[in-house]
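The values are calculated or read from the model by the stated rules, or taken from the named source; none is laboratory data. Because the structure is predicted, anything quoted here is derived from the model rather than measured. Reconstructed Cβ throughout: ideal geometry from the backbone, glycine too, with neighbour counts over all protein chains shown.
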Amino acid sequence: MAVSIDALLRRARAQLARVEAADLEAALSAGAWLIDIRPEAQRSAEGAFPRAHIIERNVLEWRLDPQSSARITPGPAYDDQVIIACSAGYASSLAAATLQALGFRRATDLAGGYQAWRGLDVGMHGA
């Protein structure tokens, strides 16, 4: 049975405790992993998160899955909070839902993505 992308996005977000841009610094201070999945060209055009791990979307699951031979080390544990960020918070929702399916129960995303975070005047900007 086919499903629209809007329905798929709603399903993904229904299982996420999304992080608001204003709360990102506190989450990182508490030990969360911030993963920026934007392609290099987009990061170059928009800017960067100072403390993000860069793992582009097309390889995300392979780099984080503890059972994958392509996993990054060190990488997050299944119980760690993993916050996925994209440009506007759409692709990141779908990616975070996939990570939950892999066993990362606290995987979520940054609501509004880089664009929302960049619009804030928070301490992480100068970091």
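Observations, loosely collected:
- Residue in the range 60-70 that is under 17 Å from Ala107 (Cα atoms), among the aromatic types (Phe, Trp, Tyr), modelled with pLDDT of 95 or more and part of a strand (DSSP E or B) present: no
- Test: residue in the range 90-109 that is at pLDDT 95 or above, part of a loop (DSSP other than H, G, I, E, B) and closer than 21 Å to Gly47 by Cα: yes
- Qualifying residues in the range 24-43 (those that are under 17 Å from Ala116 (Cα atoms) and over 13 Å from the mean Cα position of the chain (by Cα)) - the one surrounded by the fewest Cβ atoms within 10 Å (Cβ to Cβ): Ala26
- Of all residues in the range 37-59, those satisfying the criterion of being under 13 Å from Cys86 (Cα atoms) and part of a loop (DSSP other than H, G, I, E, B) are Ile37, Arg38, Pro39, Gly47, Ala48, Phe49, Ala52, Ile55, Glu56.
- Pick from the range 18-36, criterion hydrophobic (A, V, I, L, M, F, W, C) and in a loop (DSSP other than H, G, I, E, B), ranking: farthest from Cys86 (Cα to Cα): Ala30
- Residues in the range 60-96 that are over 13 Å from the mean Cα position of the chain (by Cα) and of a type in the set (A, V, I, L, M) were compared, and the one that is surrounded by the fewest Cβ atoms within 10 Å (Cβ to Cβ) is Ala70.
- Taken as a whole, the structure leaves Leu9 outside the set of residues that are within 19 Å of Asp79 (Cα to Cα), at pLDDT 95 or above and touching a helix residue (DSSP H, G or I) at 6+ places or on another chain (Cβ under 7 Å).
- Residue match in the range 13-20 (condition: closer than 13 Å to Thr108 by Cα, out of contact with any strand residue (DSSP E or B) (no Cβ under 7 Å at 6 or more places or on another chain) and basic (Lys, Arg)): yes
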